[in-house]
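Asker: There's a structure below that I have some questions on.
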Amino acid sequence: MDTKLEEARKKIQDIDREIAELFEQRMQAVREIAAFKKEHGLEVADMAQERRVLSRNAAYIHDEQLKPYYLTFMRDIMNVSKQYQEQLMKGKEQDSRGSGT
């Protein structure tokens, strides 16, 4: 196989490992947010906060061509975070398959 292809795949593998670690850290923060929202009777969805997050995070991307893809990525992350918050606020931890049942 082409060395350049293998090198690029190795970079992606390393980045994916870092993303997984950051994902776990983010979801720990989501747990804390869910606990606060549950304690204070707040709704999971906060559209104003979501708009702030997207606006702030879009500024991190310098390549304008990538920005719409990054915003889609962030929306997906926020959707997963909201699903997790909903499960936590119902008092359920998801099982290892992520089915929530």
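Asker: Among what's in region 44-73 and is under 24 Å from MET89 (Cβ atoms) and surrounded by fewer than 10 Cβ atoms within 10 Å (Cβ to Cβ), pick the residue that is farthest from the chain's Cα centre (by Cα). Spell out the reasoning first.
Answerer: Restricting attention to region 44-73, the residues satisfying the condition of being under 24 Å from MET89 (Cβ atoms) are 44-54.
Narrowing further to those that are surrounded by fewer than 10 Cβ atoms within 10 Å (Cβ to Cβ): 47-48.
Details: MET47: 16, ALA48: 17 Å.
Checked region 44-73; the qualifying residue farthest from the chain's Cα centre (by Cα) is ALA48.
Asker: Let me ask something additional. Is there any pair with a first residue in region 83-100 that is hydroxyl-bearing (Ser, Thr, Tyr) and a second that is modelled with pLDDT of 70 or more whose Cβ atoms are under 6 Å apart and which are 6 or more apart or on different chains, and what are they?
Answerer: TYR84/VAL30
Asker: Cβ-Cβ distance below 6 Å, separation of 6 or more or different chains: which pairs start in region 57-76 with a residue that is more than 16 Å from MET47 (Cβ to Cβ) and end on one that is among the aromatic types (Phe, Trp, Tyr) and outside any loop (DSSP other than H, G, I, E, B)?
Answerer: The qualifying pairs are ILE61/TYR70.
The values are calculated or read from the model by the stated rules, or taken from the named source; none is laboratory data. Model, not experiment: these values are computed from the prediction. Backbone-built Cβ (ideal geometry, glycine too); neighbour counts: all protein chains shown.
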